[in-house]
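**Q** My questions all concern the structure below.
The values are calculated or read from the model by the stated rules, or taken from the named source; none is laboratory data. Everything numeric in this text was worked out from a predicted model, so none of it was measured. So basically every Cβ, Gly included, is an ideal-geometry build from the backbone, and we count neighbours across all protein chains shown.
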Amino acid sequence: MGCTSLNDSTRALAKRLAIEYKIDKDPAAVNAKGIGYEGPHVTSEEKIESFLKMLEKLEPGNTYVFVDHPGLNNAEVQAIHHIGYESVAIDRQGVTDCWTNEKVKAAIKKKGIELIAYRDL
């Protein structure tokens, strides 16, 4: 994550590969705005509340890009971590809990938000 911005040659390589594999999507080129949680988002409960707050701020007619990493708190994901981020599995489970939460799904439906994949940009 973020390694494509290490230096100019890495950025150029990533750009060439993105074009070659037809995944060259620049959200800014379609006026998509990056968004994130609005508030604390460590626990599942915090993620849900902060995600709901963020949804309230979205304006009709705009395209937004929200990126996070869902996963499960299981042995496979518990093996992924680094110093300073030892709770990867708990964090990723929180994303899954948020995205599958009934309140979140209802808020998305109520606001008429159309969910699309990155490739649909």
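**Q** Yes or no: residue 88 surrounded by 11 or more Cβ atoms within 10 Å (Cβ to Cβ), at pLDDT 95 or above and under 15 Å from residue 47 (Cβ atoms)?
**A** Considered against the rule, which asks whether it is surrounded by 11 or more Cβ atoms within 10 Å (Cβ to Cβ), at pLDDT 95 or above and under 15 Å from residue 47 (Cβ atoms), residue 88 comes out as yes.
**Q** Within the range 91-115, track down each residue that is touching a residue at least 24 places away in the same chain (Cβ under 8 Å) and either more than 17 Å from residue 45 (Cβ to Cβ) or touching a Cys at 6+ places or on another chain (Cβ under 8 Å) (or both).
**A** 104, 108, 111, 112, 113
**Q** Same structure again: Report, by residue number, each residue of the range 62-108 that is acidic (Asp, Glu) and not in a loop (DSSP other than H, G, I, E, B).
**A** Across the range 62-108, the qualifying residues are 76, 91, 97, 102.
**Q** In the range 49-61, which residues are under 19 Å from residue 27 (Cβ atoms), among the charged types (D, E, K, R) and assigned to a helix (DSSP H, G or I)?
**A** 57, the sole residue that qualifies.
**Q** Restricted to the range 33-85, and to residues that are among the aromatic types (Phe, Trp, Tyr) and under 20 Å from residue 107 (Cβ atoms), which residue is surrounded by the most Cβ atoms within 10 Å (Cβ to Cβ)?
**A** 51
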